[in-house]
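The structure appears right after this line, and notes come after that.
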Amino acid sequence: MHNKKIFNIALIVILSFIVIALSACAPNPFIPGASFGYYVTEDSQGKLEIQWSIDRRDSDFSGWITTDGYIDDYQTSSFEDDDNIEIEEDGRLVFDASLSPEDYSDGISIDLGDYSYIEMELKINDGYDLERVHLGRFLNNPENGIFRLEKGDILKASDIPFYKKPPVRGFLYKLKLDMTFTLIYIFILGVIVIEIIRITALSKRKKYKWILIPLYGALAAVMVAVFFLLRNLKF
């Protein structure tokens, strides 16, 4: 009975760790003045929302958006007098808007019609910074400076490796973001699992301590493998 109670407590702890880990897959919010870069989403009415922000530094944001359908209308948010936006004769929407410590966030809401994809180019300070271009709920990054989105704000599955798809990408990205925490987390979880095995399955064996050596060796191997796997992942 005592061992069963310990097992149940340990199981609750492990499930709690799993819930915390899965919470890393949740989408990140756009916070004006704190988030850095572009955030491309689609609202409930199907409008394309492009927002950008800077962490209180002078920067220029420019680019264009086009589609195989048509751009019906657009609305700007927080544009200044020297910010420019227009729809050219070929139907392409072009913009150029700067941000400063006083003006730290801009945005465009675009009404699209009769389209199956959207193509765009988004630049920061007249160059590409693809890690600062966040697409969709799970903040995917495009592979190229000029990229295409399918209708519904979903990247083409064929263009994305499995580890870059939600929710896997969001989970792995969080793990890589703080490698120290990740390895400590794996170590603690591994120790809990090993102790459960020791208390429930090995306690009646006289030489069970020798069995713990390969178990902890396996835990160390898992930690090393996770470290090199995450370090070499490119998002």
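The values are calculated or read from the model by the stated rules, or taken from the named source; none is laboratory data. Fair warning: this is a prediction, and the values are worked out from it, not measured in the lab. For neighbour counting, all protein chains shown are included, and Cβ atoms are generated from backbone atoms with ideal geometry for every residue, glycine included.
Computed quantities for the displayed model
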| quantity | calculated |
| --- | --- |
| Single residue of Ser98, Ser62 found to be among the hydroxyl-bearing types (Ser, Thr, Tyr), more than 20 Å from Pro142 (Cα to Cα) and either free of Cβ contacts under 8 Å to residues at least 40 places away in the same chain or not in a loop (DSSP other than H, G, I, E, B) (or both) | Ser98 |
| In region 118-169, residue nearest to the chain's Cα centre (by Cα) [restricted to those that are modelled with pLDDT under 90 and of a type in the set (Ser, Thr, Tyr)] | Tyr163 |
| Test result for Asn3, in contact with a His (Cβ under 9 Å, 6 or more places away or on another chain) and at pLDDT below 55 | no |
| Residue satisfying all of: in region 172-209; part of a helix (DSSP H, G or I) and at pLDDT below 70; surrounded by the most Cβ atoms within 10 Å (Cβ to Cβ) among these | Leu202 |
| Selection count, region 65-87, where residues are in a loop (DSSP other than H, G, I, E, B) and not hydrophobic (A, V, I, L, M, F, W, C) | 7 |
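Conditions tested, residue by residue: (1) exposed (fewer than 13 other Cβ atoms within 10 Å of the Cβ); (2) of a type in the set (Asp, Glu).
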site	(1), (2)
Ser62	no, no
Tyr74	no, no
Ser78	no, no
Asp82	yes, yes
Glu86	yes, yes
Asp90	yes, yes
Asp106	no, yes
Glu119	no, yes
Leu130	no, no
